[in-house]
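See structure below.
Only the coordinates and a few stated rules stand behind these numbers; no lab work does. Predicted, not measured: the structure shown is a model, and the values here were computed from it.
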Amino acid sequence: MKRLLIWGMSLAVVSLPNFSMAQNGDAYRLLGNSIRVDRVSHWENWNYQNDLVASLNVPINKADIFQVEAGGLRPVFFRRNLNVALGANNFTYPDLVRAGGDLTIGGATARSNAALANNVLDGDLSTYWEPKTPSDYASRLDDPGDFNLDGLGEWELEVDLARVVYGDSLTIIFPAGQFEDEYLGQPVKSLVLFASMGERFPFPLGNNLKFSLINQVSTGFVAGKLAQGCVRDESADFAGATSCSGGGGGETDGQVVLVPVSGTDGRYVQMTFPLKPLDRADWDLDGLADITGGFVQYLRIKVTDSDLWRDSFLGAGEEARIAYEALPEVRRGALVYQRQTAGGLLVDLQDDVVQAAKEKYQALPEGRRGPILYYVKEVPRISEIQVWARGDNYALEPEKRGGASYENGGLGAPNLATDGLYDSEWQANTWSPVYLKGTAWYDLGAVFWVDNISVLNKRINQSHQGAFLGPGILVSDGTLLKPLSMDDRDDFPQLEEGLKWDNIISNEHIDNHTPVVRIFQENFPRRKIRFLQIRDIDITGNQSGRYGALATLAEIQLHGEGYPVSVWAYSPPISLTDS
């Protein structure tokens, strides 16, 4: 019953006389004495209107809080505990750092076998990425691909989520070898994991991304022998969680090791890497971040080791040949041809530009041919990459649902703190009641159920290095204290005295002079939120109102779970005619 109450919402459908975006017949049809709205094309010509600000509205088919279906109009359910990598290629963004602001599509890229890169984000474990590999051992001479020591440096995947998210952990899923009569592949031998929020490198004006090391591990895969380490548990704490333990083979608590993927009958194994803040997040100055997880947009996975064509030694002679030919073709590895010297020593024959080792072997007299050595080939594959975030971000681009933002005096661009990008920011001058600046108001466009807010400040090399001197964040569900008359964003200053506001900043986060924290969170009991008021407040008063004393707010994100509390739709004018 509690969950039903939390997820409850209301849907109002009304006619808006002044709405003229569509021809009347495109939004409904008249049938006898009834008005019918029963087609997708009808609903797409309705409108979502901000109920406080007259000029703010969006077409229903562009409002991100609705799903238009054959059966009618449905509000979107905002999810918690979300694999945000799965839909990364559905997002586009202006890449300010590497592409000069050109639109870029999210997804996965690879330096080797790029055509397979997005297989790791498709939600299908049977698809995979692997380095570019010759079809068999002999063809490596003409088409080596990247399956060699020189090519190992190209075994790299990069995932672009297309927006900054607050991530809890990253899970990499691998095939677990032979299953019944099918060989699925195997985990890579070792890898290094890096992450980036989108910060420029070199700081502060470079055109490359700064990546930070998250972990470096050896998978140590042995079929049938798996340890217990960091595990993603979707049932934990209602929202899911990543837990780590050192039992079952781990030498230390929190060691990242392979574990079976639930529900796959041993076909697949996974490693889960807890994420961490990539900037200052230590209020109590004990040297440790005060929060788990961290903001991230880019992930880079670099494979650092492989046994290539010699994953394991199968044997020599006729018995080994039979075993070799019984292997799946993808597992047939190196063939080492040997010649016998006059002194009885065995010397490996080498390929060269003139003649392959096999040809040299066949040209030898029978008595000088040594035994052929047979090897099993490594088949390194990655099936899926999952980035587990807190959930859908209510504050991402509120303009898509008739929301907006405004800084007092119209001086800044507070919308840059809700555009999903690290490298764009609202420059918050330290607030003073004397000046019309330093206050930003946000209208999310609808009331949502929220239980945490995450804040990311962009690092700069001036002032307080981009951090708030003291974050002043108030929230409101839209409860009015007095009537408002708002035609445009310029009227947002009415919100300060017109709405009932509540503070969500905890006492230990009021003064940021010494900690200089740029990443922090506030958690609170689930509540309804539609509006935000944000200021950088210097409790000492020394910097209040001074130009150049800036907090650079890169992102503010709100998370929770449920439907919008109430939504509404407006039709174009409906003309009733008498038959």
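Beyond a 18 Å Cα-Cα separation, which of these cross-linked pairs lie in this structure: Lys62/Lys528; Lys189/Lys302; Lys437/Lys482; Lys62/Lys400; Lys210/Lys458? The answer is Lys62/Lys528; Lys437/Lys482. Coupling constants for the range 188-201 follow from the phi torsions by the Karplus curve (6.51 cos²θ - 1.76 cosθ + 1.60, θ = phi - 60°), and in residue order they are 5, 5, 7, 8, 10, 10, 10, 9, 9, 7, x, 6, 6, 9 Hz; glycine and proline get x. Database remark: amide H of Phe295 closer than 5 angstrom to the amide H of Gly167, Leu278 (H placed geometrically; neighbours at sequence offset of 5 or more, or on other chains; Pro and chain starts carry no H). A Cα-only calculation for the range 104-196 places Rg and Dmax at 15.0, 47 Å. Output the Kirkwood hydrodynamic radius of the chain, Cα pairs only, in Å rounded to one decimal. Value: 27.4 Å, from the Cα pair sum. The C-alpha atoms of the chain define a longest principal axis, and helix 317-326 lies at about 30 degrees to it.
For the range 396-561, the normalised intensity computed at q = 0.11, 0.17, 0.20 Å⁻¹ comes to -0.40, -1.02, -1.45 (log10 of I(q)/I(0), Debye sum over alpha carbons, equal scatterers, no solvent).
With all pairs of different C-alpha atoms in the average, the Kirkwood value for the hydrodynamic radius of the range 449-496 is 14.3 Å.
Taking the inverse of the mean 1/r over every pair of distinct Cα atoms in the range 312-376 gives a Kirkwood hydrodynamic radius of 12.5 Å.
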